[in-house]
Amino acid sequence: MEEQNIYNNDENIDASFNSQQHAEAKKGSKKTMLVLCGCFILAGIGGFGGTMAALSLNGGTGRAVLYQSVTNTENGSDKGSVDANAMSVKQVADATANSVVEIQTESVSTNPFFPQAVTSGAGSGVILSKDGYIVTNNHVIEGASKVTVKTKDGKSYNADFVGTDKTTDLAVIKIKAENLTPAVLGKSADLEVGDVAIAIGNPLGELGGTVTSGIISALDREINVDNQSMHLLQTSAAINPGNSGGGLFNDHGELVGIVNAKSGGENIEGLGFAIPIDHAKTVIENLIENGYVKGRPSLGVVLQAASTINSDKENVYIAEVEKGKAADKAGLKTGDQILKADGKNVTSISDVKEAIDSHKAGDNMSFTILRENETKEIKVKLGEADTTQTETQSYQNNTIPFGNQ
């Protein structure tokens with residue numbers, strides 16, 4: 001396997017806040033650099049050709065109404081036919097521009113040189129409801145002490161945190177506003193390679209409302225971003241730092257993805273990535289209702305992978321077992337090599353993650369391990385991940401945390 005260089009969202013603007021991590025790309029891919037598209041600097045509704053359904057969510061923070069397209073476009077019903085309902089890029093931009101916002105963040109940190117350094121960041125967000133629920137990326141607002149939202153009409157609002165999810169890089173915030181223009185959620189499952197893709201966001205943190213267009217280049221690209229394996233839409237629409245959290249729209253003005261990363265490096269252009277809205281929708285609903293993703297399974301371990309010589313296969317080891325969590329209760333130990341998960345051979349950390357993600361909290365799964373030259377099979381009852389807690393551990397290279405962080 002070839003190695004990808006994964007960079008956090010400060011995009012090398014300030015080296016002291018930039019952390020480089022390494023992750024494995026799929027065999028055959030070229031060496032690339034993925035950039036989470038936020039910006040950080042150190043300082044002292046329309047139907048759009050279809051029918052909509054209003055989805056009401058009742059959570060502790062109040063009632064949110066999301067708008068979902070329910071009469072799918074003709075796109076894909078007759079492959080290769082001309083879609084009479086398709087809109088031009090200008091029409092999509094006009095219809096959706098008020099649904100995308102600029103986000104500015106401030107984070108206070110301490111270090112030997114600046115007793116109270118303030119890190120200012122920028123990103124984008126998409127309005128979900130008329131009363132101010134907004135989706136963005138977790139990495140845009142992570143660690144922020146203050147989040148400010150600026151709408152298309154130039155008004156600024158202080159935002160409250162509703163919920164965040166590091167695993168999917170999604171977050172929901174809330175502003176006190178009325179009669180906003182929410183985006184209409186499309187169906188990313190209906191997309192095909194070659195379909196029009198239109199990105200709207202806040203590149204460089206100062207160019208709010210920027211519209212770029214391209215096509216859907218791939219539908220299910222597996223990419224490792226900050227040591228999380230994600231299945232993303234790939235687009236040729238120009239994506240830049242600050243676009244994170246912005247919208248990727250189809251040619252019916254429907255939101256089909258949440259922009260979260262770009263691929264950069266020497267001689268690399270036209271590689272942007274977005275979280276498919278079908279994947280994001282369930283997470284968004286959970287964040288609004290619960291503040292976290294309810295029912296997500298937790299093994300409660302930190303895994304470390306070591307590549308074998310002259311092979312793409314990785315040996316996956318348990319680097320740490322969290323006390324009192326599922327793995328600990330089942331008898332898994334630090335140093336165990338995981339050979340199989342649910343009977344399937346494990347050749348990478350992603351194999352373990354996919355096996356766990358196929359379950360829900362409370363399910364039982366089996367692991368075949370190698371411990372002191374002896375093979376054992378251990379049954380584990382998965383716990384529930386508490387994603388509301390702050391991550392306190394440091395993970396490097398190709399180590400991926402699972403469960404409570």
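Restricting to segment 377-398, and then to whatever is loosely packed, with under 15 Cβ neighbours inside 10 Å and at pLDDT 85 or above, can you tell me which residue is farthest from Gly291 (Cα to Cα)?
Glu377
Here is a check on your reading of the model: is Glu354 acidic (Asp, Glu), outside the structural domain of Asp220 (by TED's automatic domain parsing) and either buried (at least 22 other Cβ atoms within 10 Å of the Cβ) or not in a helix (DSSP H, G or I) (or both)? So that I can check it myself, show each step before the final result.
Details: acidic (Asp, Glu): yes; outside the structural domain of Asp220 (by TED's automatic domain parsing): yes; either buried (at least 22 other Cβ atoms within 10 Å of the Cβ) or not in a helix (DSSP H, G or I) (or both): no.
Spelling it out, it is not the case that Glu354 is acidic (Asp, Glu), outside the structural domain of Asp220 (by TED's automatic domain parsing) and either buried (at least 22 other Cβ atoms within 10 Å of the Cβ) or not in a helix (DSSP H, G or I) (or both).
Working only within segment 220-231, note down all residues that are within 17 Å of Ala171 (Cβ to Cβ) and out of contact with any Leu (no Cβ under 6 Å at 6 or more places or on another chain).
Hits for segment 220-231 are Asp226, Gln228, Met230.
Quick one: is Ala361 modelled with pLDDT of 95 or more, within 27 Å of the chain's Cα centre (by Cα) and more than 23 Å from Ile223 (Cβ to Cβ)? Explain how you work it out, then say what you get.
Values: modelled with pLDDT of 95 or more: no; within 27 Å of the chain's Cα centre (by Cα): yes; more than 23 Å from Ile223 (Cβ to Cβ): yes.
So Ala361 fails the test.
Need a quick list: strands (runs of 3 or more DSSP E) entirely within segment 93-169 having at least 3 residues that are among the aliphatic types (A, V, I, L, M) and at pLDDT 95 or above.
none
Starting from residues that are assigned by TED's automatic domain parsing to the domain that holds Ala385 and acidic (Asp, Glu), keep the ones in segment 275-316 and report whichever is farthest from Lys360 (Cα to Cα).
Per the criteria, the residue is Asp312.
I'm trying to understand the selection: among the residues of segment 170-206, which are over 22 Å from Tyr67 (Cα atoms), hydrophobic (A, V, I, L, M, F, W, C) and in a loop (DSSP other than H, G, I, E, B)?
Correct list: Val193 only.
If you go through segment 82-92 one residue at a time, how many are part of a loop (DSSP other than H, G, I, E, B) and surrounded by 17 or more Cβ atoms within 10 Å (Cβ to Cβ)? Even if it seems obvious, please write down each step before you answer.
Step one: filter segment 82-92 for residues part of a loop (DSSP other than H, G, I, E, B), giving 82-88.
With surrounded by 17 or more Cβ atoms within 10 Å (Cβ to Cβ) added as a condition, the list becomes 83, 86-87.
Going through segment 82-92 one residue at a time, the tally reaches 3.
Scan segment 340-349 and give yes if some residue there is assigned to a strand (DSSP E or B) and buried (at least 17 other Cβ atoms within 10 Å of the Cβ), otherwise no.
yes
The values are calculated or read from the model by the stated rules, or taken from the named source; none is laboratory data. Just so you know, these numbers come straight off a predicted model, no measurement behind them. Please note: Cβ atoms are built from the backbone with ideal geometry, for glycine as well, and neighbour counts cover all protein chains shown.
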